[in-house]
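Structure record follows, encoded as structure tokens.
Laboratory data are not the source of any read-out in this text; all were calculated from the coordinates shown. A quick note: this is a predicted structure, and the numbers were derived from the prediction, not measured. In this analysis, Cβ positions are derived from the backbone assuming ideal geometry, glycine residues included, and neighbour counts consider all displayed protein chains.
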Amino acid sequence: MELAVISGKGGTGKTTIALALAELAGNVVKADCDVDAPNLHLFYRGKDLVTQSFSGEKIAVVNKENCTACNKCGDVCQFYAIQNGEVNPFKCEGCGACVLVCPQKVISLRDEKTADVYVTETDKGIISRARMEIGSEGSGKLVTKLRDNAKKFAQENTLIIIDGSPGIGCSVIASVTGSDGVLIVTEPTQSGLEDLKRAAELCRHFGVLTLVCINKYDINEEISEKIEGYCIKNNVNLVGRIPYDDMVVKAINNLQPIIYFENSKANQAIRQMWHKICLYLNSFGK
Ligand code: SF4
Ligand code: SF4
């Protein structure tokens, strides 16, 4: 069973909440699929059981010996990534158009390493995670790899909590598709509401059980009400209203999950929300 925690954009408290839920769930496998900004593992100590190189992109390479500098490659490249057979690796998207037009047949596509992939064993279970190469972008393929690695280490009926990427791009789609439920973490701002609508639309498109949590709901109760109204109107399940709480910052600074701060208002609200999430996941028979 997989629960993906996503957000319409970064900075909503998604990882804080994913981490708290993972701690409440106890025996879980975690997949840090926020591949451009992975930080779930910072909260744990552990050792890497698996380390793999991951190639998620292709890049053009030119055998210069027989290149005539005709620049047919430069004329066809939509990304201004090649000129007279000289490739700019930071611009090349690996589309292969130059390969097709080169009269000398001296261009080929090479697999490009984009990340190192790890399975880390911690005292609180397995984390599947990645570290991107500088200049590389997270991709759906990489997220799928991380989910596959998590599944390999999950026993039957073990919950996998996915800390997904923000936004609605390929990485998020790869986090959401095939999961048993998605929790969208939003915040009460106008942009937060618009981001939530896009994320909820994406989940609806893929037919995934969609749950919503408003983080720091009390910093703008007017917009929180609009978010609630949107959820009711669109049959999206609002499961949590987390209040603003200074202790969350303290918890992050100490690299401790918020659920271990007993007097924290956020902790109490997250615990209530977890109870509701369990009911939803169970009622969907998954
Ligand atoms: S199209 Fe081929 S031969 Fe012409 S410049 Fe590019 S790499 Fe060289
Ligand atoms: S593979 Fe595509 S993006 Fe890369 S240099 Fe060739 S045409 Fe340009």
Original post:
the chain: percent of C-alpha pairs farther apart than 31 Å?
Top reply: 36
Original post:
Hey, what did the chain get for relative contact order, percent, Cα under 8 Å, at least 6 apart?
Top reply: 24
Subject >> Separation of alpha-carbon centers, the range 163-202 and the range 247-286, rounded to whole Å >> reply: 19
Original post:
Within the chain, which is the longest segment containing none of the GluC sites (Glu not before Pro) that sit in a DSSP loop and have at most 11 other Cβ atoms within 10 Å?
Top reply: 1-155
**OP:** Count neighbours as other Cβ atoms within 10 Å of each site's Cβ, and list the chymotrypsin sites (Phe, Trp or Tyr not before Pro) in the range 125-228 that are DSSP loop with at most 15 such neighbours.
**Re:** PHE206
Subject >> Mean-position separation - Cα centroids, the range 113-129 and the range 63-103, in angstrom >> reply: 37
Original post:
Scaled to the compact-protein estimate 2.2 N^0.38 Å, what is the alpha-carbon radius of gyration of the range 36-106, rounded to two decimal places?
Top reply: 1.65
Subject >> the range 1-104: trypsin sites (Lys or Arg not before Pro) in DSSP loop, at most 12 other beta carbons within 10 Å >> reply: ARG45, LYS91
Subject >> Virtual spin-label span in nm between TYR260 and LEU109, 7 Å along Cα→Cβ >> reply: 4.7
Original post:
Roughly what would the spin-label model give for GLU222 and ARG271, points 7 Å off Cα along C-beta, in nm?
Top reply: 3.5
Subject >> Paramagnetic reach from PHE90 in the range 21-62 [backbone N under 12 Å; point 7 Å along Cα→Cβ] >> reply: none
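Under the rule of -39500 (n - 2.57) per DSSP H run of 4 or more residues, summed and divided by the residues of the chain, what mean residue ellipticity at 222 nm is obtained, to the nearest 500 deg cm²/dmol?
Taking each H run of at least 4 residues, the total per residue is -10500 deg cm²/dmol.
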**OP:** Just the number, please: percent antiparallel of the DSSP beta bridges in the chain, rounded to the nearest 5.
**Re:** 50
Original post:
Per the chain: cysteines with no other Cys C-beta under 4.7 angstrom?
Top reply: CYS33, CYS67, CYS70, CYS77, CYS92, CYS95, CYS102, CYS170, CYS203, CYS213, CYS231, CYS278
Original post:
Across 10 Å bins from the origin, how do the percents of Cα pairs in the range 160-255 run, short distances first?
Top reply: 16, 46, 31, 7
**OP:** Take the alpha carbon gyration tensor of the range 223-286, find the square roots of its eigenvalues, order them as a ≥ b ≥ c, and report rounded if a/c is under 1.5; if not, report prolate when a/b exceeds b/c, else oblate.
**Re:** oblate
**OP:** Filter the trypsin sites (Lys or Arg not before Pro) in the range 109-142 to those in DSSP coil with at most 15 other Cβ atoms within 10 Å of their Cβ, and list the result.
**Re:** none
Original post:
Picking from SER53, SER179, SER108, which is most flexible by a Gaussian network model of the chain using Cα springs under 10 Å?
Top reply: SER108
Original post:
Angle, helix 221-233 long axis vs. longest principal axis of the chain, Cα atoms, 0 to 90°, nearest 10?
Top reply: 80
Subject >> Listed pairs LYS9/LYS91; LYS30/LYS145; LYS124/LYS152; LYS124/LYS265 exceeding 19 Å between Cα atoms >> reply: LYS9/LYS91; LYS124/LYS265
**OP:** Give, as a single signed number, the net charge of other residues whose beta carbon lies under 12 Å from the beta carbon of GLU201, with Lys and Arg counted +1 and Asp and Glu -1.
**Re:** +1
Subject >> Extent along principal axes [Cα atoms of the range 86-130; Å; largest to smallest] >> reply: 58, 16, 13
**OP:** With a bin width of 10 angstrom, please list the P(r) values of the range 64-105 as percents of all Cα-Cα pairs, from the 0 bin to the one holding the largest distance.
**Re:** 34, 59, 7
